[in-house]
1. How many residues does the range 57-92 hold that are crowded, with 19+ Cβ neighbours inside 10 Å and part of a loop (DSSP other than H, G, I, E, B)?
2. Out of Gly128, Gly118, Gly95, Gly104, I need the residue that is within 15 Å of the ligand (Cβ to nearest atom) and either over 30 Å from Ile68 (Cα atoms) or surrounded by fewer than 21 Cβ atoms within 10 Å (Cβ to Cβ) (or both). Which one?
3. Where the second residue is part of a helix (DSSP H, G or I) and the first is on the phi > 0 side of the Ramachandran plot and lies in the range 73-95, which pairs have Cβ atoms under 9 Å and are six or more apart or on separate chains?
4. Report, by residue number, each residue of the range 131-147 that is open to solvent by less than 50 Å² (accessible area, probe 1.4 Å) and either farther than 21 Å from Leu9 by Cα or at pLDDT below 95 (or both).
5. Which pairs have Cβ atoms under 8 Å, sit 6 or more apart or on different chains, and link a residue in the range 36-61 that is farther than 18 Å from Leu98 by Cβ to one that is within 13 Å of the ligand (Cβ to nearest atom) and basic (Lys, Arg)?
6. Would you mention how many residues in the range 1-33 are open to solvent by less than 10 Å² (accessible area, probe 1.4 Å) and more than 16 Å from the ligand (Cβ to nearest atom)?
7. Against the conditions (1) open to solvent by 90 Å² or more (accessible area, probe 1.4 Å); (2) closer than 27 Å to Val2 by Cβ, where does Lys152 fall short? Just the number, please.
Amino acid sequence: MVIKSANDLFIHLLSDVNSAEKQITRALPKLARAVDNDQLVEAFKKHLEETRGQVERLEKVADTIPDIRIKRTKCYVMESLIEESQELIDNAEKGPVLDAGLIGAAQKVEHYEIAAYGTLCAMAEQLGYTEAKDILAETLKEEKATDDKLSKLAKQNVNQKAG
Ligand SMILES: [Fe+2]
């Protein structure tokens, strides 16, 4: 798609994060099966549910703005981040060390999403898409909360055992 205006860029970035969320929705069950720590399994499962809601929210964002439709595109960053987590799964045994690696991999995903939604919120505000901005801000808040939770889990449980 040709990107000429801020509005075109907004659609492009919205479509990109939509692809990212759909890819991570498909990957999270595999990540939840690969980890050992119960709290981490729960955290991944909960984030899978949240992510499904986030995909729905992106449709809502598009619905609040006239003439905006999410385009088919592929987020190559998410594809690579998921490949890297698969590489860890393929090369480490199930246990605290792999858990520590997958927490790190999940936090890379969260940080990418936080950056993506931060930009989208700022652009929505600039373009006067107030309702869209509020919806995007909800997801941004969830991604930050997930990142904080993963940091706590890493400190409290997994890293101690990974020794
Ligand atoms: Fe997300």
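1. Qualifying residue count, the range 57-92: 1.
2. Gly118
3. The qualifying pairs are Gly95/Lys161; Gly95/Ala162.
4. Within the range 131-147, Glu142, Glu143, Thr146, Asp147 qualify.
5. These pairs meet every condition: Val55/Lys22.
6. Result for the range 1-33: 1.
7. Status for Lys152: all satisfied but (2).
The values are calculated or read from the model by the stated rules, or taken from the named source; none is laboratory data. Note that this is a predicted model, so its numbers are computed, not measured. Ideal geometry is used to build each Cβ from the backbone, glycine not excepted, and the neighbour counts take in all protein chains shown. Areas reflect the complete protein model, heavy atoms only, side chains present, ligands, DNA and RNA absent. Shrake-Rupley method; radii C 1.70, N 1.55, O 1.52, S 1.80 Å.
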